[in-house]
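Encoded as structure tokens, the structure appears first; notes follow it.
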Amino acid sequence: MQFSVCEVCKKPLSSGELCPSCLLMKQEIQRYADQHLEAGPVELSEEFDISPKLLKSWVKRGMLNCLVECRQRGHLIRSGTLCTKCKSDIAVGFKFGEPETKYVGKMHGRNRRG
Ligand SMILES: [Zn+2]
Ligand SMILES: [Zn+2]
């Protein structure tokens, strides 16, 4: 048998990550974040007296949407860990952290049909 505890109040649970009352609080946090689009985990943590680390992990896991920075290049996003730009860059094999390619010769092939 598997035990888990509520991530916020550490109450034992039979399943899931949050107890019913903390689940309600999370909905409140989401409502607040929807009304304050500029609010990130730190502001929400102060407003709701909850660990910003926990809030960030919720955003990462898609349990909460609020303003966070994209993991790769710090773009502002509201869910997950990557913005759509960095996601698509990763999909095409873009390597982060390397100096930009210097163009030698003519630029070409940028408007290929796909
Ligand atoms: Zn709880
Ligand atoms: Zn990004």
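Things worth noting here:
- Cβ pairs under 8 Å, 6+ apart, first in the range 28-40 and acidic (D, E), second at pLDDT below 95: none
- Of residues in the range 1-37 being aliphatic (A, V, I, L, M) and touching a Cys at 6+ places or on another chain (Cβ under 6 Å), the one farthest from ligand 1 (Cβ to nearest atom): A33
- Filtering the range 13-22 for residues that are free of Cβ contacts under 8 Å to residues at least 40 places away in the same chain, assigned to a helix (DSSP H, G or I) and in contact with a Lys or Arg (Cβ under 6 Å, 6 or more places away or on another chain) leaves an empty set.
- Residues of the range 67-99 satisfying the condition of being open to solvent by 90 Å² or more (accessible area, probe 1.4 Å), in a loop (DSSP other than H, G, I, E, B) and within 8 Å of ligand 2 (Cβ to nearest atom): R71, R73
- On the stretch given as the range 48-60, residues that are part of a loop (DSSP other than H, G, I, E, B) and over 18 Å from S79 (Cα atoms) total 2.
- Residue in the range 33-47 that is open to solvent by 100 Å² or more (accessible area, probe 1.4 Å), at pLDDT below 95, part of a helix (DSSP H, G or I) and within 21 Å of C9 (Cα to Cα) present: no
A quick yes/no check of all residues on (1) within 16 Å of ligand 2 (Cβ to nearest atom); (2) over 24 Å from C70 (Cβ atoms); (3) within 17 Å of the chain's Cα centre (by Cα):
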| site | (1), (2), (3) |
| --- | --- |
| L13 | no, yes, no |
| G16 | no, yes, no |
| S21 | no, yes, no |
| L24 | no, yes, no |
| Y32 | no, no, yes |
| Q35 | no, no, no |
| A39 | no, no, yes |
| V42 | no, no, yes |
| E47 | no, no, no |
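- Out of S57, S15, S21, sole residue that is under 20 Å from L82 (Cβ atoms), surrounded by fewer than 18 Cβ atoms within 10 Å (Cβ to Cβ) and out of contact with any Asp or Glu (no Cβ under 6 Å at 6 or more places or on another chain): S57
The values are calculated or read from the model by the stated rules, or taken from the named source; none is laboratory data. Please read all numbers here as calculations on a predicted model, not as lab measurements. Glycine gets a Cβ as well: all are built from the backbone with ideal geometry, and neighbour counts include every protein chain shown. Remember, those area values only see protein heavy atoms, side chains included, never the ligands or the DNA or RNA. Shrake-Rupley method; radii C 1.70, N 1.55, O 1.52, S 1.80 Å.
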